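The values are calculated or read from the model by the stated rules, or taken from the named source; none is laboratory data. Bear in mind the structure is a predicted one, so any value in this text is a computation, not a measurement. Glycine also receives a Cβ, built like all others from the backbone with ideal geometry; neighbour counts cover every protein chain displayed. Keep in mind that these areas ignore ligands, DNA and RNA; they rest on the heavy atoms of the full protein, side chains included. Shrake-Rupley method; radii C 1.70, N 1.55, O 1.52, S 1.80 Å.
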Amino acid sequence: MKVLQGDNEIILAVVCCQHGDEVFGQKVFEYYQDRLQGIRLIFANEEAFNHEKRFIDDDLNRNFPGGVEGNHEQRLAAQILPYIKDVRYILDIHTTTSDIIMTPIICNESEDVKKILNLTSSSEVAYMVNGIADHSLIGQVAAGVSLEFNRGYAETEAAIDEV
């Protein structure tokens with residue numbers, strides 16, 4: 001895991017590469033590493049990324065809150081939590097091969113989540129239900145939104161602009 005942040009108050013955490021095979025997260029991380037005003041960047045699963053695999057032992061985004069004695073992804077989940085608990089907004093960057101452009105995924109409809117949704121271009125929103133949401137990264141915070149980008153769209157400048 002790699003964490004970068006600016007010196008000022010951090011109000012947004014952007015989590016990239018929970019899944020090592022979702023390379024758009026690296027593009028987002030690199031783009032924002034020089035634009036850290038109010039942002040904390042988290043490159044979540046470097047080992048899986050370096051091995052070009054979705055995960056090492058288990059899907060990181062199904063292992064929250066994690067455990068310090070667990071497998072690779074369970075330990076990562078436990079390490080990530082302190083970095084996301086103290087910020088107001090969380091963006092969790094993902095990619096998919098499904099036939100979408102970008103779809104936000106949410107666990108709740110808090111006012112802060114609605115603020116994030118209002119900034120996206122998508123007319124669709126996916127709602128993650130309890131059970132799955134309880135073990136996801138965005139299920140651990142009040143104002144978290146996963147942004148799911150089509151892999152082809154993720155290669156465009158418009159996708160970075162969307163983030």
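Descriptive notes on the structure:
- Note on the chain: helix-only mean residue ellipticity at 222 nm, from DSSP H runs of 4+ residues weighted -39500 (n - 2.57) and normalised by residue number, equals -7000 deg cm²/dmol.
- Whole-percent carbon and sulfur share, accessible surface of the chain, 1.4 Å: 47 percent
- Think of each Lys and Arg Cβ as +1 and each Asp and Glu Cβ as -1; about the Cα centre, that makes the dipole of region 62-157 roughly 200 debye.
- Judged by the ratio a/c of the largest to the smallest principal axis of the C-alpha gyration tensor, region 45-163 counts as oblate, that ratio being 1.5 or greater while a/b is no larger than b/c.
- Antiparallel DSSP beta bridges within region 1-54, as percent of all bridges there, nearest 5: 45 percent
- Rounded to the nearest 20 debye, the dipole magnitude of the chain is 260 debye, with +1 charges on Lys and Arg beta carbons, -1 on Asp and Glu beta carbons, and the Cα centre as origin.
- Charge-dipole axis of the chain as Lys and Arg at +1 and Asp and Glu at -1 on Cβ define it, positive-most pick from Gly70, Cys16, His94: Gly70
- Of interest is the spacing of the C-alpha centroids, which for region 72-125 and region 3-35 amounts to 13 Å.
- Take the Cα of Thr96, step 7 Å toward its Cβ, do the same at Glu155, and the gap between the two points is 2.0 nm.
- Loop sites in region 9-95: GluC sites (Glu not before Pro), DSSP, at most 10 other Cβ within 10 Å: Glu9, Glu52, Glu69
- Counting only Cβ charges, +1 for Lys and Arg and -1 for Asp and Glu, the dipole size of region 96-137 around its Cα centre is about 80 debye.
- The gain in end-to-end length when the Ala142 to Asp86 segment is fully stretched comes to 19.1 nm, 0.36 nm per residue minus the alpha carbon separation.
- With DNA, RNA and ligands ignored, accessible area of Lys2 (1.4 Å probe; Å², nearest 10): 80 Å²
- Under 14 Å, Cβ to Cβ, from Ser122 - net charge with Lys/Arg +1 and Asp/Glu -1: -4
- Antiparallel bridge percentage (DSSP; both residues within region 5-163; nearest 5): 25 percent
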